[in-house]
Ligand SMILES: Nc1ncnc2c1ncn2[C@@H]1O[C@H](COP(=O)(O)OP(=O)(O)O)[C@@H](O)[C@H]1O
Ligand SMILES: [Mg+2]
């Protein structure tokens, strides 16, 4: 069917996807938009008609499965399924940080409500309770005392979904009113900016404002280390600035939104991504 070497896997088209389409067009790279919602794959399919798949599916689960299929058919996927698995799950990300001696907030993973409470007390208040899979700050709770901990854990216990049986707990970092986000392409930072909010959750989706920051040597080194640990590709790293320990890696996003980055830095993220894709072909 397709003559294009590149496919962009999409569902809902955000401003980021529109920018990517424009960038691929102006780079003269033929590509096909593949909507995961109408995609059907089967064991009868031959080799992948695409050499490179850029996954921009807003659904992590759909994107993960489609990438697994195309990877199995020999396509180069951005990002690889290993990267999606490690970054798409905050507990697995934290374990990866530990394996690679990457400084991050202290954390515990517990598998039972009682042991989750024990782990929270052990970490010391305030503690942040997070779903292992999630984004935009959803269902992330800051817990200041034992009463709050007991109610959050009790409520979480009643939530459906097997992932709510895994408790990911992190120490709360008394960061300035911002966190730091770095977009990277294969171990190199391409944009660094801070996200400011009066609320302790500084997601752009929750109304944080953004401002460009300098890509320091520390940021460059940490980005390289983290990117190598998760398998490279196109990623966004969240850092929290600890007043005592400096930059701590909080999480890594494997299908980054970058509207906030463009507003803060005026860097042509989609253009750089297009260039990277051309070089990867
Ligand atoms: N341990 C923490 N200490 C302080 N602030 C945190 C902590 N964890 C998360 N936050 C704040 O909450 C925001 C959302 O948390 P994050 O782990 O990035 O989840 P999400 O995937 O939902 O973006 C972060 O950008 C940061 O501002
Ligand atoms: Mg985040």
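The values are calculated or read from the model by the stated rules, or taken from the named source; none is laboratory data. Note that the structure is a prediction, hence the values are computed from the model and not measured. Cβ atoms come from the backbone with ideal geometry, glycine included; neighbour counts cover every protein chain shown.
Computed values, structure above
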item	result
Of all residues in region 224-273 being out of contact with any helix residue (DSSP H, G or I) (no Cβ under 6 Å at 6 or more places or on another chain), within 16 Å of ligand 1 (Cβ to nearest atom) and assigned to a helix (DSSP H, G or I), the one that is farthest from residue 202 (Cα to Cα)	226
Positions within region 51-64 being surrounded by fewer than 16 Cβ atoms within 10 Å (Cβ to Cβ) and assigned to a helix (DSSP H, G or I), in sequence order	61
Boolean, residue 202 is surrounded by 18 or more Cβ atoms within 10 Å (Cβ to Cβ), at pLDDT 95 or above and either more than 27 Å from residue 107 (Cα to Cα) or within 16 Å of ligand 2 (Cβ to nearest atom) (or both)	no
Verdict on residue 103 being in a loop (DSSP other than H, G, I, E, B), within 16 Å of ligand 1 (Cβ to nearest atom) and out of contact with any helix residue (DSSP H, G or I) (no Cβ under 7 Å at 6 or more places or on another chain)	yes
Residue within region 163-172 that is within 16 Å of ligand 2 (Cβ to nearest atom), surrounded by fewer than 22 Cβ atoms within 10 Å (Cβ to Cβ) and assigned to a loop (DSSP other than H, G, I, E, B) present	yes
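Each row is one residue, and each column tells you yes or no for (1) within 16 Å of ligand 2 (Cβ to nearest atom); (2) buried (at least 19 other Cβ atoms within 10 Å of the Cβ).
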| position | (1), (2) |
| --- | --- |
| 221 | no, no |
| 225 | no, no |
| 236 | yes, yes |
| 241 | yes, no |
| 244 | no, no |
| 248 | yes, yes |
| 252 | yes, yes |
| 255 | yes, yes |
| 260 | yes, yes |
